[in-house]
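No lab work stands behind these numbers, since they all come straight from the coordinates. Keep in mind that this is a model prediction, so the values were computed, not measured. Here the Cβ is made from the backbone with ideal geometry for all residues, glycine too, and neighbour counts use every protein chain on show.
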């Protein structure tokens, strides 16, 4: 009876005017290859100013598509406006 644990992306959402990417990571515990119980979740947000160079290539590709220079500029302007 072997217990194993693995993490996989459960969902990816793109929300709001600044195209914040929200990723839900599911941790699945299995006994002999069969999931036991409900997966636990960890969420992560990627804003237009996030460095994604260490992320998996599929996430980097999504970020490059969604976070255009116009989105990055608008996000930075909103951040700067909140600081003043």
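Starting from the Cα gyration tensor of the chain, take the square roots of the eigenvalues, sort them a ≥ b ≥ c, and report rounded, prolate or oblate (rounded when a/c is under 1.5, otherwise prolate if a/b is larger than b/c, else oblate). Don't skip to the answer; put the middle values down first.
Details: a/c = 3.65, a/b = 2.69, b/c = 1.36.
Prolate, because a/c is 1.5 or more and a/b exceeds b/c.
Is it possible to state the helix-based mean residue ellipticity at 222 nm for the chain, with each DSSP H run of 4+ residues giving -39500 (n - 2.57), the sum divided by total residues, to the nearest 500 deg cm²/dmol? What is it? Show your work: numbers first, answer last.
Values: 2 runs with 25 residues, N = 84.
Per the formula, -9500 deg cm²/dmol.
Between residue 15 and residue 54, what is the label-point separation in nm under the 7 Å Cα-to-beta-carbon projection?
2.5
Taking Cα atoms, how many degrees apart are the long axis of helix 57-66 and the longest axis of the chain, rounded to 10 and kept between 0 and 90?
Roughly 30 degrees between the two axes.
What do you get for the angle between helix 69-83 and the principal long axis of the chain? Use alpha-carbon atoms, 0 to 90 degrees, nearest ten.
Roughly 80 degrees, rounded to the nearest 10.
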